[in-house]
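Report on the following structure.
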Amino acid sequence: MSTYVYGITHDSGSLDAAKLTGVGEPPSEVRFVRADGLAAAVSTTPEGLRAKRRDLAAHQEVLVELAREAAVLPMRFGAVAPDDEAVAAELRRSRDHYTALLDRLRDRVEVNVKATHIEEAALRAVLTENEELRRANERLREAGGGPPPTAWPSASRWPRRWRTCAGATPTRWWSPSPSTPTRSRWARRSTTASPTSRSWSTATRSRS
């Protein structure tokens, strides 16, 4: 059967004591494929693998546990190799590449940050800083509400740091992980949940 890949880390004796379980029902046992000082956390790919909540959580938990001990190059959910030997061959072929990425990630963590503004406070700040908007707002209030004035100033004339408030759209920032492997010769079978590289095929089709 094919080999499901969770991530890549430096090889160490402490990995064998991890006793991790991964995707599938019942959960598959996680093992390590080793080559040239690197180790890939893998398990046997279960039949009919889909992006179910249980399996997504299991994939993430393996990466979290590995990251407690050392830097990890995480694979996205659904990364599949033909077999363990194919994984080992990839580790040997791209050893320098993966080692350099792991060195960059040493003593670092990845976070996702989502920020939203408090609309009322943001609008109040805009009106305080922009006299033209403030006068327009006062005209609207004096008219007892109703449609906005026909001469609202263009958003391009708003203070620069407030332009994103014009659409009142929450903004999300994230930094794509530099750890995603970017070199390999394995085939891609789906683009639904694949890594940024051409490295690893994916078995993901739907979420249930």
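Here are some notes:
- Packing here is the average count of other Cβ atoms within 10 Å per residue, and on that basis the peptides 12-22, 48-58, 111-121, 88-98, highest first, run 88-98, 48-58, 12-22, 111-121.
- With the simple model of a label 7 Å out from the Cα in the direction of the Cβ, R92 to M1 spans 2.6 nm.
- Computed lengthening from K114 to A143, 0.36 nm per intervening residue step minus Cα-Cα distance: 6.6 nm
- Long-range HN-HN contacts of S28 with modeled amide H, under 5 Å: G22, V23
- Between amide H atoms placed 1.01 Å from N, distances below 5 Å from L49 occur with no residue 5 or more places distant or on a separate chain.
- Anisotropy class of region 76-144 from Cα gyration tensor, a/c 1.5 cut: prolate
- From phi via Karplus (6.51, -1.76, 1.60), per-residue ³J(HN,Hα) for region 129-137 in Hz, x at Gly/Pro: 8, 10, 5, 4, 5, 4, 5, 5, 5
- Shape category assigned to region 1-117 from the gyration tensor of Cα positions, a/c cut at 1.5: oblate
- Per-residue Cβ neighbour rank within 10 angstrom, fewest leading, T9, T44: T44, T9
- Seen from V42, the other residues with C-beta closer than 13 Å to its C-beta sum to a net charge of -3, counting Lys and Arg as +1 and Asp and Glu as -1.
- Label positions at A57 and R106, each projected 7 Å from the Cα along the C-beta direction, are separated by 3.6 nm.
- Around A71: net Lys/Arg minus Asp/Glu count, Cβ-Cβ under 13 Å: -1
- Region 46-80 and region 100-141: distance between their alpha carbon centers, rounded to Å: 33
- Near S2, the amide H atoms lying under 5 Å from its own belong to T45; only residues 5 or more places off or on other chains count, and H is placed 1.01 Å from N.
- Sorted fewest first by neighbouring Cβ atoms within 10 angstrom, V64, V87, V109 come out as V109, V64, V87.
Every read-out reported here was derived from the displayed coordinates using simple, explicitly stated rules and does not represent laboratory data. Keep in mind that what you see is a predicted model, and the values were worked out from it rather than measured. Glycine also receives a Cβ, built like all others from the backbone with ideal geometry; neighbour counts cover every protein chain displayed.
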